[in-house]
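The values are calculated or read from the model by the stated rules, or taken from the named source; none is laboratory data. Here the structure is a predicted model, which is why all the values come from computation and not from measurement. Here the Cβ positions follow ideal geometry from the backbone for every residue, glycine too, while neighbour counts run over all protein chains shown. All accessible areas refer to the heavy atoms of the entire protein, side chains included, with ligands and DNA or RNA removed. Shrake-Rupley method; radii C 1.70, N 1.55, O 1.52, S 1.80 Å.
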Amino acid sequence: MTETKSNPLLVVNKLNKKVASPTGELVLLEDIDFTIYSSESVAIIGPSGAGKSTLLGILAGLDLPSNGEVILEEENIFNMDEDGRAQLRGRMMGFVFQSFQLLPSLTALENVMLPLELLALNDQRETAKQVLERVGLLDRAGHYPRQLSGGEQQRVAIARAFAVKPKILLADEPTGNLDKKTGEKIIELLFSLNEEENTTLLLVTHDTYLADRCQRQFHIDGGCLTELNHAN
């Protein structure tokens, strides 16, 4: 992908995260360096407790590093205050979680509309309907999360993530709570939207099938990140 390589979207420089513990300083992330390019699909794999979710939280600006930089479209997100990072997340990032994180008191349509409302975008209801249709759930728009299967809830979560047309989508174990067949459908949906919308995917996963679908793979263990040789 030659033209993609000319467009760095996310640059991480010397990222460290250390916390105090009863036994002394605990290193969660150590000297993390990598670059992700526009429209790429990237997987971060590693054992439980290796630092995957910690890294994802810092890349999203939800947590602060001990030191280092996260540069999104040439701007260091840690030069912003908390409100500035929140606005950046709303404008440029989408999120998909293992536990779906849908609001139980809102219908599928209302859950998808929520990020559009937070950004005060026009045509919120119509946009949400279009995205729900893209994930095959327009006929379930009026249903609440408790009335949806796990796969349907994850499709709503993906629709919500893509509704604002984010530059980058961060997914934390997006197939972790799904059976194999449903998980494969969710993977197909993620990569279809990635290609159609040119949205960069950054996925934290234990799912080797999902990781192998990505153009690049990184392995994290003991807070250290290494890129794996991987031909797509």
List the aspartates and glutamates whose alpha-carbon lies under 16 Å from that of K180, not counting same-chain residues fewer than 8 positions away? E152, E188, D207, D212
How far, in degrees from 0 to 90, does helix 180-197 lean away from the longest principal axis of the Cα atoms of the chain, to the nearest 10? 90
Per residue of the chain, what 222 nm ellipticity follows from adding -39500 (n - 2.57) for every DSSP H run with n ≥ 4, rounded to the nearest 500? -10000 deg cm²/dmol
Carbon/sulfur accessible area of the chain, % of total, 1.4 Å probe, equals 46
Violating pairs (Cα-Cα greater than 23 angstrom) within the set K52/K129; K18/K167; K165/K185; K129/K165; K18/K165; K129/K185: K52/K129; K18/K167; K18/K165
Given backbone amide H placed at 1.01 Å from N, residues whose amide H is under 5 Å from that of A43, ignoring those fewer than 5 places away on the same chain, are L203, R216, Q217, F218
Just L26, L203, L116 to compare: in a GNM of the chain, with alpha carbon springs under 10 Å, which one fluctuates most? L26
Amide H neighbours of L9 under 5 Å, counting only residues 5+ apart in sequence or on other chains, H built in-plane at 1.01 Å? I36, Y37, S38
I'd like to compare 208-218, 65-75: which one has the highest average count of other Cβ atoms within 10 Å, and what's the full order after that? 208-218, 65-75
Mind pulling the angle between the C-alpha long axis of helix 124-134 and the longest principal axis of the chain? Nearest 10 degrees, somewhere in 0 to 90. 80
Please state, to two decimals, what the Cα-based radius of gyration of the chain comes to when divided by 2.2 N^0.38 Å (N = residues). 1.01
Solvent-accessible area per residue for the chain at a 1.4 Å probe radius, Å²? 49
Kindly express, to the nearest 10 degrees and within the range 0 to 90, the angle between helix 108-118's C-alpha long axis and the longest C-alpha principal axis of the chain. 60
List the residues, sorted by chain then number, that are 5 or more residues from N67 or on another chain and whose placed amide H is less than 5 Å from its amide H. N16
Full-extension gain between T208 and L64, please, as 0.36 nm times their residue separation minus the C-alpha to C-alpha distance. 48.9 nm
Run down the aspartates and glutamates and flag those whose C-alpha is under 15 Å from the C-alpha of K17, throwing out any fewer than 8 positions away in its chain. E25, E30, D31, D33, D63, E69, D221
